[in-house]
Amino acid sequence: MKVYGYPAGAPLNEHGLVELVEVSFATDAQTLRRVASFLMKQADEMDTMGSKFGHAHAQDEDRPWPEEWPDIIVVEV
């Protein structure tokens, strides 16, 4: 899986984090279902935990997460 995006502007912090206007997943159906499952689980966790949710990393929640895949991080806002 590869993930691509177009930046919406300049980096937001010293680590180079940028807001994106578009995200593209270059992957197969099985991997996309795996990503979707992670995202659905995190949505359920947000509903349960509310503002205590914080954030979650796919590489920590879905093992084994292949090293060559980018980590997907869900953050509560």
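The values are calculated or read from the model by the stated rules, or taken from the named source; none is laboratory data. Since the model is a prediction, treat every value here as computed from it, not as a measurement. Cβ sites come from the backbone with ideal geometry, for glycine too, and all protein chains shown count toward neighbours. Heavy atoms of the whole protein, side chains included, go into the accessibility calculation; ligands, DNA and RNA do not. Shrake-Rupley method; radii C 1.70, N 1.55, O 1.52, S 1.80 Å.
Quick notes
- A straight chain from THR48 to ALA26 at 0.36 nm per residue would run longer than the Cα-Cα distance by 4.8 nm.
- Across the chain, the mean sequence separation of Cα contacts (distance under 8 Å, 6 or more residues apart), normalised by length, yields a relative contact order of 27 percent.
- Accessible surface ranking for SER51, SER24, 1.4 angstrom probe, highest first: SER51, SER24.
- From phi via Karplus (6.51, -1.76, 1.60), per-residue ³J(HN,Hα) for the stretch 53-59 in Hz, x at Gly/Pro: 4, x, 7, 9, 9, 4, 5
- Shape of the chain, Cα gyration tensor, a/c cut at 1.5: oblate
- Largest-first ordering by accessible area, 1.4 Å probe, given options GLU14, GLU61: GLU14, GLU61
- Test item: Cα-centred dipole of the chain, Lys/Arg +1 and Asp/Glu -1 on Cβ, debye: 160
- Chain lengthening between GLU67 and ARG33 when straightened (0.36 nm per residue, less Cα-Cα): 10.4 nm
- The accessible area of ASP62, taken with all protein chains in place and a 1.4 Å probe, comes to roughly 30 Å².
- CD proxy at 222 nm, helix term only [per DSSP H run n ≥ 4: -39500 (n - 2.57); per residue of the chain; nearest 500]: -10000 deg cm²/dmol
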